Amino acid sequence: MIHNENDTIAAISTPVGNGGIAIIRLSGQDAFTIADKILCGSKSGVLSAFVSEMGDHTIRHGYVFDFSGSRPELIDECLVSKMEAPRTYTTENIVEINSHGGFSVVNKTLELLLKAGARAAEPGEFTKRAFLGGRIDLSSAEAVMDVINAKTDNGRRAAISGLSGRIGREITSICEALTSAIAAIDVSIEYPEYEFDEAVGSDALLAIGEQLKKLEALGNTYSQGKIAKEGVSVVIGGSPNAGKSTLMNIFCGTDRSIVTDIPGTTRDIIEEQIQLFGFPMTVTDTAGIRQTADIVEKIGVNRARDAISGADLLLYVIDALSPVVDDPLLSDVPASLKKIYIINKTDAREDVSAIRALLPEDAKVIEMSALTGAGVDNLFETIKEMFLLGSFDFTNEAVITSKRHKQLIDEACELLRLCVKSNESGLPLDFVAEDLRLAADKLCEILGKNISEDVIDNIFKNFCVGK
Ligand code: GDP
């Protein structure tokens, strides 16, 4: 992303379309003078520019004008907020224009601001400036989009945990402890004549061990944080005609999948976002993995394999009337993927013990009739037990929801374990200090310190324009 941090940027911060009001945001050192070029207020019946004269953090009524023609053209009536740097979202001067939320009005106002000297903001550029301006660390900036995208209460709570700086504070405190340990080791290396190597070594080891525990605990919150943010990804697999589409329709509460008695009619995968017990869940109905010469169905089969590779849970549906349990799908899936075997159509065959006997001893098995709905509650409860129980205390604890954070925490933990090992095996403290430094660097990356512009750009490019 090529950008100049001195530019004054502008964007529509509300969604596209008609609405009661819309907000056009302007941020940068020239925000007030640019706003003066298109906004006028009435004073004793005379219209004049007013934003530069407004008090800090005040709101005033005004009008948007296009002054480019032979006569000024009134575009809209609006409310204008003025916020002076540095106490603002971006840490820069900000003007927000609350205009009527019409497509033409909003776009015209933005166009006028751009003509008056502003540059169109890149996705996430306002938040990026808040980060570059030092108001928030990178972990808080990343949480902004999570708050916007949260679809459930738990997703929102987990996101706000990041936004409020809880992750940043926890990581900063661990980082500081590691930095102190590094400093102590450095002193002992620099003044070997004092021979306090041993004492420093055991103190450092203690500190490292303590921080490692804290970091591991923080990393462990990811399994819950990920579910709160993204939900559980469930894939329905099984042989054609087993009842997958019928089950999918139970999840969705609609006839989303085509249900027929001709095998192989779900030719592509169908994906739906639902909520189960307040958690988001992506349910994917697959075409059923089977070798096929039909090109259309082959594409579907490949997509099904892709969907399964990223899933948390496979619901493998077995037709009680013609059971298939030697499906290549079952041998192909990663061992770590959780599975529930569903013996379906129990309305048409009561005794399914022979089918159960074919399944692994420790398998989770649900007997069900997708047609009548018998056994569905049992299935939902089993999913809840597998994924949604546990201490979801998102209101007080720092919860990791970002894959980037989780990866960096894991890498830092690995380095800290190395430090402990080196120390235990009596390696010189230089070795320990080097790995400690690398571990602290990993944690700094979470906060956004010493990271490349590419990494930062990559994070903000997934933001929406206007945020
Ligand atoms: P898919 O190919 O696995 O998606 O299977 P479908 O959901 O399309 O179902 C295939 C056929 O089995 C349809 O005629 C369904 O009505 C029928 N079916 C699905 N579930 C049940 C069930 O629990 N009991 C009975 N008796 N029939 C079912």
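At a glance:
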| quantity | calculated |
| --- | --- |
| Fraction of accessible area attributable to carbon and sulfur, the chain (%, probe 1.4 Å) | 52 percent |
| Whole-number accessible area per residue in Å² for the chain, which is evaluated in the context of all protein chains at 1.4 Å | 48 Å² |
| Amide H partners (placed H, <5 Å) of Cys78, local residues excluded | Gly62, Tyr63, Val64 |
| Sites Asp347 and Ser42, calculated FRET efficiency, Cβ-Cβ separation with R0 56 Å, nearest 0.05 | 0.15 |
| Amide H contacts under 5 Å for Ile21, placed H, 5+ residues apart | Gly101 |
| Fully extended contour minus Cα-Cα distance, from Arg60 to Lys384, at 0.36 nm per residue | 111.5 nm |
| Estimated inter-spin distance, Ser164 and Ala357, nm [label 7 Å along Cα→Cβ] | 5.7 nm |
| Stretch gain in nm, segment Phe103-Ser52, where the contour uses 0.36 nm per residue and the Cα spacing is subtracted | 15.6 nm |
| Derived scalar couplings ³J(HN,Hα) [the range 110-125; Karplus, 6.51 cos²θ - 1.76 cosθ + 1.60; whole Hz; x for Gly, Pro] | 4, 4, 5, 5, 5, 5, 7, x, 7, 10, 5, 5, 6, x, x, 5 |
| Calculated FRET efficiency for the pair Cys464/Tyr191, C-beta based, R₀ 51 Å, to 0.05 | 0.40 |
| Modelled FRET efficiency - R0 41 Å, Glu271 with Glu111, Cβ distances, 0.05 increments | 0.60 |
| For Ile342, distant residues with modelled amide H under 5 Å away | Tyr316, Val317, Ile318, Ile366 |
| Approximate spin-label separation Ile21-Leu371, in nm, with each point projected 7 Å along Cα-to-Cβ | 5.8 nm |
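The values are calculated or read from the model by the stated rules, or taken from the named source; none is laboratory data. Not measured: the values here are computed from a predicted model. Virtual Cβ from ideal backbone geometry, glycine too; neighbours counted across all protein chains shown. These accessible areas exclude ligands, DNA and RNA; they are computed on the full protein's heavy atoms, side chains included. Shrake-Rupley method; radii C 1.70, N 1.55, O 1.52, S 1.80 Å.
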